[in-house]
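The structure appears below as structure tokens.
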Amino acid sequence: MSRLLAAGCTYPEAFNAAANVIKKGDAHDWLIGTVRRLERGESEVGLTRWSRGDAALLEAIVDGATLSPERQWQIASDHFSDVARRRLVLLTQLMPLFSTVVAGGLIWIAVATTLGWFWYTVSSMIGGLT
């Protein structure tokens with residue numbers, strides 16, 4: 001968005017170009033809906049559905065995009081890139097812990113099952129001796 005706006009594209013043109021890249025999904029539907037709202041002259045961009053978490057920043061930027069919109073979209077891009085990077089680091093640090101816990105649980109189930117059958121067999125053998 002920031003590059004398209006810096007190149008002189010209007011908001012509807014920039015949203016259409018972004019929608020053509022995405023092709024399908026919720027983001028595509030939102031972009032196309034936003035283009036329609038902008039073409040009708042509505043001032044509200046329609047981010048209420050996306051206004052949770054990080055998307056609230058996007059709503060604030062789009063609503064206040066009167067001064068240097070390409071810079072505001074670049075700020076949003078940098079923010080979401082940073083958030084994605086932090087979430088990736090968190091995910092890569094948690095995966096070894098998660099996989100260790102799952103592997104330990106599987107090993108415990110395997111050992112408990114094996115020993116259960118073992119003790120059942122031993123007790124039936126002892127019961128057969130009497």
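The values are calculated or read from the model by the stated rules, or taken from the named source; none is laboratory data. Note that the structure is predicted; figures quoted are calculated from it, not measured. Neighbour counts run over all protein chains shown; Cβ positions are idealised from the backbone, glycine included.
From the list A56, A19, the lone residue that is part of a helix (DSSP H, G or I), among the hydrophobic types (A, V, I, L, M, F, W, C) and modelled with pLDDT of 80 or more is A19.
Tell me, please, whether a residue that is at pLDDT below 75, of a type in the set (F, W, Y) and surrounded by 10 or more Cβ atoms within 10 Å (Cβ to Cβ) can be found in region 41-52.
Scanning region 41-52 turns up at least one residue that is at pLDDT below 75, of a type in the set (F, W, Y) and surrounded by 10 or more Cβ atoms within 10 Å (Cβ to Cβ).
Counting residues in region 60-75 that are exposed (fewer than 10 other Cβ atoms within 10 Å of the Cβ) and either at pLDDT below 75 or in contact with a strand residue (DSSP E or B) (Cβ under 8 Å, 6 or more places away or on another chain) (or both) gives one or more. Within region 1-41, the set of residues being touching a residue at least 40 places away in the same chain (Cβ under 8 Å) and among the small types (G, A, S) comprises S2, A6. Within region 1-42, the set of residues being of a type in the set (G, A, S) and closer than 20 Å to H79 by Cβ comprises S2, A6, A14, A18, A27.
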